[in-house]
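The structure appears right after this line, and notes come after that.
The values are calculated or read from the model by the stated rules, or taken from the named source; none is laboratory data. Please read these numbers as outputs of a predicted model, since none were measured by experiment. For neighbour counting, all protein chains shown are included, and Cβ atoms are generated from backbone atoms with ideal geometry for every residue, glycine included. Only protein heavy atoms, including side chains, enter the accessible area calculation; ligands, DNA and RNA are left aside. Shrake-Rupley method; radii C 1.70, N 1.55, O 1.52, S 1.80 Å.
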Amino acid sequence: MDTYLITGGAGFIGSHLCDELLTAGNKVIVLDDLSTGTLANISSHLQNPHFQFHNDTILNYPLMEKLVQQADYIFHLASVVGVQRVIDSPVNTIEIGARGMNIMLALADSMKKTVLFTSTSEVYGKSIHLPFSEEDDMTFGATHIGRWSYACSKALDEFHALAYHRERQMKIVVVRLFNTAGPRQTGK
């Protein structure tokens, strides 16, 4: 039985991942600050002895250290979600993105854990080349426009993840999500 840590696990995608991993017979640890995720998304698992929920932030280093140590694998989904939330709080967007990723990568690397990191199609920026390619240059909007804080922090997270892979042979997968939609998604 493997143990999976899911940051952002009470959110739309993370909660479905919990369902699948628990159904497959694994243990699941969720860390979520419930800024956009909800307890309702994971309520069916709260009494499951193979499930742990921590209502906290990825910026809580001592807790993250404990949770990463318990995990065999990590799904890093924690992020500020929603255009309005990003515009209203670029500091939080950058800190959760960049500082959160820094904490996650440093701990996962020191404990030799495998990480799947969810990035975003926003890292393609203002590209007009279709189809998008990972080989294309990035063009973002002006730094005083708050919405670009999300795209830039996710791009920095990708650079950071790939640097750990190249320099330290860390096992990491970067996934760029495009306009995901489905059950449990909210307007938030």
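So in region 107-126, with the set limited to residues that are touching a helix residue (DSSP H, G or I) at 6+ places or on another chain (Cβ under 9 Å) and hydrophobic (A, V, I, L, M, F, W, C), which one is most open to solvent (accessible area, probe 1.4 Å)?
The residue in question is Met111.
Mind checking which strands (runs of 3 or more DSSP E) fall wholly inside region 23-126 and carry at least 1 residues that are under 14 Å from the mean Cα position of the chain (by Cα) and at pLDDT 95 or above?
In region 23-126, the matching strands (runs of 3 or more DSSP E) lie at 27-32, 73-76, 114-120.
Rundown of residues vs (1) open to solvent by 90 Å² or more (accessible area, probe 1.4 Å); (2) of a type in the set (D, E, K, R); (3) farther than 17 Å from Thr120 by Cβ, yes/no style:
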residue	(1), (2), (3)
Phe132	no, no, no
Glu158	no, yes, no
Arg168	yes, yes, yes
Phe178	yes, no, no
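Within region 28-53, how many residues are closer than 19 Å to Phe117 by Cβ and touching a strand residue (DSSP E or B) at 6+ places or on another chain (Cβ under 9 Å)?
Of the residues in that region, 7 qualify.
Here are some conditions: (1) β-branched (Val, Ile, Thr); (2) at pLDDT 90 or above; (3) not in a helix (DSSP H, G or I). Ile145 meets all but one. Which one does it not meet?
Single failed check for Ile145: (2).
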